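Only the coordinates and a few stated rules stand behind these numbers; no lab work does. None of these values were measured; they are calculated from a predicted model. Glycine also receives a Cβ, built like all others from the backbone with ideal geometry; neighbour counts cover every protein chain displayed.
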Amino acid sequence: MKNTDEHIESLILKQIRQEASAAEQAELQSWLDADPANQAEYEALANLWEASLPVLQPHTFDRSVAWDKMRARIRPVEEPAVVAGAPKQESAVPGETRPVRPFNARRWMAAAAVLLLLAGAGWWYYRASSGGVRTESIVARDGNRRIDLPDGSVAFLRKGGALTYPARFSGHQRLVELEGEAYFEVGHDAASPFVVRTDRSVVEELGTSFVVRQAGPVDEVSVITGMVKCTERAESARSIVLAAGEKAMLTENGFIKNSQSDANILSWKTNILEFNGTPLDQVVADVQDLYGIHIALSPDLRPRAGEIRITARFAHTEQAKEVLEEIKLMSGLAIKQEKDTLVFFRK
Amino acid sequence: MDTSQRHYQQFETVFADLYPPLCHYALTFVKDPELCEDIVQEVFARVWERRKDLLHTDGIRYYLFTAVRNNCISHLRREKSSGTVAFTEKDAESGDYPVVPPKEGQDKLDDEQLLVEAINELPVKCREVFVLSRLGNMKYKEIAETLGISIKTVENQLSKALRSMREFLKKKGIETMSREKRLDRRSDISHLGE
C-alpha cells in the first residue's frame, strides 16, 4: 500500500470517525489533492469503515420489547414496599364449596390487598411520569375537548383521544402524553420546550401550533404555524424538523416528510371542510376522517379519482349525508350502500 | 421535575440508545441472541440499582460496554467449566473473541461475507478495538478506558485493523466495498452515517 504512512493513516481515521480538527482536515485535503490515487485510497478506506457496521449487526434486537421487559423489572425496585407488603391474593376457586357466611373476613382481607396493590401500581406510575406533581388525565369521551394547560398553552383533543399532563409544569420541559389526536397552540419557551409524547414519537415544539395524531400503526404530525422537531422514541438519534405547512409520518424507516399538509387537517376542530380543486380521493379521505364513516370508490373509479376535482366549502354541516349529496351532484357520480361502506360509482 | 423522574427519563434514553449496540457487542462473544439480551438486561438492571452514581456520568457508555464484555467473558468461562462448549476450545483457551457471527437469513452479499472474514482474521486485540469503536461509537479515550490500554494503542490498533482488512479484501479481488449494494439495504440499517 502506497502513500499511507502512519501519520496520514491516523488523519484518515480521524476524518472518517468525524473527530478531525479543522487543521487536520486541511492537511488531509492537501494530501488528497496531491494525487488521485490518494483520493481513491481514502474512499476505499472510508467505504470499508462504513460497510463494517452493518456486518457487525447480523441480528435485529427489538428494543421496545426489551424496554417493556426492563420496565416491568425496575418497577418493583422503585416501589418495593407495595409489592412486598401485599399478601398473596387468595383466589376463590370456582366450584369450591365453602360455607357461605354473611361476612367472610378472609375474603375481605383478600379484596383489601388487591385494592392496595392496584392503587400502589397506579401511584407508582403517576410518580414515574410526573415526579410527584399531581397529573391530570383528560379523556375526550363524548366529543372534542378544549384543554387549557397550566402554562397557558391550549390543546384541543379530538373525540376518543386522551391527554395526560402534570397539574403544573416544572423542570426543563413541558411534557404531555397523548393517545389519539390533538391540536396544540403552544407558547415557545426555549428553557422549557413543550414536548408531546406518544408511544412511538416525541414531538417538540420550536414555537408553534401543530397537530399530532397517533392512529393505527402510524403517528402523524402536521405543523400549522412555527416549527416542531419530531423524534422517534425508539431511535432517538433520528429526528426531523418540520416547518409550517409541513407534515410527517412515522414509518418503519423513521419520520418521512410530506411537504404539503392536508388543508382539512383541522376539520375535526373547526368543523369546516374546504375543497379547492381537490382530487376526489382526497375529498373522500377528508369526509371519512371528519365524520368517522367508511367511504370508498368503486374499482373502476379508483384509477381516475385524481382527475375528478371538487371545489366546495362545508361549514358546520352536521350530517355527512349533506356533504356527500353535494359531492354527488358536483361529480355526477352515484352512491350506494355496501354493508357499512358508502361507495361512489359511475352510473 | 424531581430527581427520581429525571433518573427514570435518563435511564430510558440510555436504554433506547445503547440497548441494540450492546446486544450486538455481546453477540460477538456469545452466539445466542437471547442470551445476549439476558446479559444486557442484567447489566441495565444493575445500572438502575445504582442509578444515583452511574446515570449522570459521562462514562455510562463505557461502563455499559465494559460490563457487557466482562459478563460475556465470565459467561463463556462458566460454560466452559460446566462442560457446555458454545465456542471452540481454541477460542476459549486463547481468549480469541470477539468474533463476528455470520449474517442471518437470505441473500448474503459476497462482499459482506468477505468483510466478516476480514474482521475475523484480525489479531485479537486489534479486532477488539475495532469492534468496540464501531459498535460503541466511542472516542479513543473511552475505548482505551474500556479495554485498559493507552489512547495511542487504540489509534494504532484501529489503523492496523483498517489496513489489514483492506489488504485482505484486496487479495480477494475487492478493491472497494460496493456502495450501491449497501445503499439498497440502507432501509434496514438504522444508524449508518452518510
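What is the sum of charges around A:K336, taking Lys and Arg as +1, Asp and Glu as -1, for the other residues whose C-beta is under 12 Å from the C-beta of A:K336?
Overall, the nearby charge balance is +3.
Dipole of the stretch A:1-55 (Lys/Arg Cβ +1, Asp/Glu Cβ -1, origin at the Cα centre): which of A:S21, A:S52, A:H7 lies farthest to the positive side?
My answer, from the dipole projection, is A:S52.
Sorted by packing (mean other beta-carbon atoms within 10 Å per residue), highest first, where do A:322-328, A:194-200, A:298-304, B:110-116 land?
Descending packing order for the listed peptides: A:194-200, B:110-116, A:322-328, A:298-304.
For A:36-45, what's the mean count of beta carbons from other chains sitting within 10 Å of each residue's beta carbon?
Per residue, the number of nearby Cβ atoms from other chains is 2 on average.
Which whole number gives the average count of other chain Cβ atoms within 10 Å of the Cβ atoms across peptide A:6-16?
Per residue, the number of nearby Cβ atoms from other chains is 3 on average.
Mean separation of Cα pairs under 8 Å and 6+ residues apart, divided by the residue count of the stretch A:142-258: what relative contact order is that in percent? Mind dumping the intermediate values first?
Numbers: 292 pairs, mean separation 18.9, N = 117.
For the stretch A:142-258, the relative contact order is 16 percent.
For the stretch A:6-55, what does the alpha-carbon gyration tensor say about shape, rounded, prolate or oblate, given a ≥ b ≥ c as the root eigenvalues, a/c under 1.5 as rounded, and a/b over b/c as prolate?
On the way: a/c = 2.46, a/b = 1.35, b/c = 1.82.
It comes out oblate by the Cα gyration axes.
Within 10 Å of each Cβ in A:148-156, how many Cβ atoms from other chains are there, averaged over the peptide? Mind showing how you got there, number by number?
Working: counts 0, 0, 0, 0, 0, 0, 0, 0, 0.
Mean number of neighbouring Cβ atoms from other chains: 0.
What does the charge count near A:F275 come to, summing +1 for each Lys or Arg and -1 for each Asp or Glu among other residues with Cβ under 13 Å from its Cβ?
Around A:F275, the surrounding residues sum to -3.
Sticking with the crude label model, points 7 Å out along Cα→Cβ, report the distance from B:E34 to A:K257 in nm, one decimal please.
The answer from the label model is 4.4 nm.
Kindly state, as a whole number, the per residue volume in cubic angstrom of the convex hull around the alpha carbon atoms of the stretch A:277-347.
Given the Cα convex hull of the stretch A:277-347, per-residue volume reads 79 Å³.
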